[in-house]
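Taken together, the values in this text are just the output of simple stated rules run on the coordinates, not laboratory data. No experiment lies behind these values; they were computed from the predicted model shown. Positions of Cβ are generated from backbone atoms using ideal geometry, with glycine treated the same way; all protein chains shown enter the neighbour counts.
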Amino acid sequence: MTAQTAEQRDLTAIIGLEVHVQLETATKIFCGCSTDAEADEEPNTRTCPVCLGLPGALPVLNEGAVEAAVKVGKALDSEIPEETRFHRKNYYYPDLPKNFQITQYDAPICDGGELEISVDGERRTVRIERAHLEEDPGSLTHAGGSIDTAEYTLVNYNRAGTPLMEIVTAPDFRGADEARAFLAKLEEVLEYLGVFDATRDGSLRVDANLSIVDAEEVDAEGGVSEDVLEEANRTEVKNISSHKGAEKALAYEETRQKNAIQRGREVEQETRHWDEARGITVSMRSKEAEKDYRYFREADLPPLRVSDWKDKIDIPELPEARRERFREEFGLGAETASKLTSTKQVADFYERVATEFDPGLAATWVADNLLGELHYRDMEITDVEDRLDEFAHLIELVDEDEITVKNAEEIVLRRMLDEELAPEEIVEAEGLGKTGEDVVATSVEEAIEENPDAVEDYDAGEEGALNFLVGQVMQKTEGSADPGTVNELLREELAE
Ligand code: ZN
Ligand code: MN
């Protein structure tokens with residue numbers, strides 16, 4: 001770079017992601033140890049000779065992990081091959097007692113694919129290069145928190161052997177916001193498939209490749225040629241553990257590299273570590289090349305025929321499709337439909353109440369009232385999973401006009417959440433049930449509204465029409481009202 005190029009160049013970031021997600025299975029990928037991590041569990045208690053990598057222990061593939069992987073492949077429109085194989089990726093690290101990780105190399109379970117995202121209202125298709133199965137290593141705790149200054153490090157193999165899926169995208173992101181949108185969408189799809197739990201600590205980990213090219217190298221579709229990519233120096237950012245973290249880390253790295261280039265400096269090809277606490281990336285080590293891992297076939301696991309699995313395994317309707325269907329079927333606006341499909345549990349609950357009661361009323365109750373009050377309490381619908389019948393009953397009470405909307409919203413729903421009471425208990429205790437008077441008054445209004453002919457006749461001086469309306473009200477109140485009062489109320493209403 002010479003001094004005269006110091007004028008601002010128009011630069012663009014090219015980003016690709018490698019996402020590791022933990023698959024939700026009852027047991028680990030190659031042994032029968034539980035994957036259910038208790039919050040306060042003792043280290044090294046969910047282990048056995050297989051996940052501890054003891055000599056002679058043999059792995060047995062978990063069918064549930066393969067099923068979950070096929071579901072992911074179907075949702076991402078991947079090719080599921082005839083046959084898939086496992087490899088050993090060799091490296092020495094204390095969290096990996098075998099000194100190799102069982103992973104997949106040249107025959108991954110999912111080949112290719114795509115996922116559509118939307119950023120600022122614009123839709124983009126992100127290409128998936130591959131997605132494969134592998135085992136999670138154990139976890140390390142550095143005494144004092146930092147690897148540089150720790151006196152010693154503790155290792156815990158409870159996580160070792162948790163099934164992971166590594167999903168690799170093409171370098172299709174042009175900014176941190178797009179990467180974040182992709183991760184959010186991916187999480188949503190995985191949760192819909194029932195193979196992933198976003199609330200689990202460390203359930204999603206991201207490594208990102210980022211390089212900077214001249215904006216003019218990017219074609220109209222946002223593509224960049226292999227040559228340009230080859231030439232640009234790429235950094236890999238590791239240790240990103242959430243989609244919010246990914247956006248921050250990538251925005252930081254994009255700015256750092258652009259600044260360096262604008263100042264005429266060379267960007268180093270290296271691996272950098274995202275320091276979440278400090279909000280910066282730091283240089284880690286030069287990246288291993290693929291050959292350093294000495295991949296070879298895992299002889300303890302035979303090749304797996306998966307060709308007929310994909311027809312046997314069904315996946316549920318995905319969020320995008322469900323959103324569209326809700327809009328059409330229940331007449332919802334885009335924003336409401338989006339809220340009501342934010343998780344499969346919310347969508348399932350809404351669909352249930354929308355088919356039982358008025359869909360519009362149900363939408364307001366689920367999207368605004370229930371989700372709003374849950375959000376306010378920092379809760380999710382999964383926290384009240386076993387009480388959904390009670391919430392459906394509350395919506396029924398409103399739908400059938402047995403309590404007022406205001407009371408339902410401001411008293412019953414809130415007490416239901418704060419005190420874990422059933423709606424009828426609260427209605428009873430607070431005396432919120434509509435009184436006899438309310439019922440008669442509503443019935444009078446309805447009778448007038450529903451019988452315009454009788455009203456016209458009455459206005460024209462026909463007293464008989466009033467008797468007809470009294471009869472209608474008596475019918476609505478199932479005979480519980482006093483005919484004299486009804487007569488009076490009708491005259492008052494009709495005089496207005
Ligand atoms: Zn085990
Ligand atoms: Mn991996």
With the alpha-carbon atoms as the only input, what is the per residue convex hull volume for segment 437-495 in Å³? 65
Scan around Val126 for amide H atoms under 5 Å from its own, H built in the peptide plane at 1.01 Å from N, and keep only partners 5 or more places away or cross-chain. Leu115, Glu116, Ile117
Rounded to whole Hz and in sequence order, give me ³J(HN,Hα) for segment 238-252 from the Karplus expression 6.51 cos²θ - 1.76 cosθ + 1.60, θ = phi - 60°, writing x for Gly and Pro. 10, 6, 9, 10, 7, 6, 5, x, 4, 5, 5, 4, 6, 4, 4
Out of segment 1-93, which GluC sites (Glu not before Pro) are coil in DSSP terms and have no more than 15 other C-beta atoms within 10 Å? Glu7, Glu38, Glu41, Glu82
For Ile109, which sequence-distant residues (separation of 5 or more, or a different chain) have an amide H within less than 5 Å of its own amide H, given hydrogens modelled in the peptide plane? Leu133
In what sequence do Ile395, Ile315 fall when counting other Cβ within 10 Å, fewest first? Ile315, Ile395
Sort Lys185, Lys406 by Cβ crowding within 10 Å, fewest neighbours at the top. Lys406, Lys185
Please list, short to long, the whole-number percent of alpha-carbon pairs of the chain in consecutive 10 angstrom bins beginning at zero. 3, 15, 20, 20, 15, 9, 6, 6, 3, 1, 0
Which of Trp365, Trp309 comes first, and how do the rest follow, when ranked by fewest Cβ neighbours within 10 Å? Trp309, Trp365
So for each of 407-420, 164-177 I average, over its residues, the number of other beta carbons within 10 Å; can you give me the resulting order with the highest mean first? 164-177, 407-420
DSSP loop GluC sites (Glu not before Pro) in segment 174-266 with at most 15 other Cβ atoms within 10 Å of their Cβ, which ones? Glu221, Glu266
Applying the Karplus parametrisation 6.51 cos²θ - 1.76 cosθ + 1.60 with θ = phi - 60° to the phi angles of segment 338-350, what ³J(HN,Hα) value in whole Hz is obtained for each residue in order, glycine and proline being reported as x? 5, 4, 7, 10, 4, 9, 4, 5, 4, 4, 4, 5, 4
What list of ³J(HN,Hα) values in whole Hz, one per residue of segment 70-87 in order, does the Karplus curve 6.51 cos²θ - 1.76 cosθ + 1.60 (θ = phi - 60°) give from phi, with Gly and Pro shown as x? 5, 4, 4, x, 5, 5, 9, 6, 7, 7, 9, x, 4, 9, 10, 9, 10, 10
Violating pairs (Cα-Cα greater than 28 angstrom) within the set Lys28/Lys248; Lys71/Lys339; Lys28/Lys238; Lys28/Lys74: Lys28/Lys248
The distance between the Cα centres of segment 19-94 and segment 210-235, in whole Å, is 36
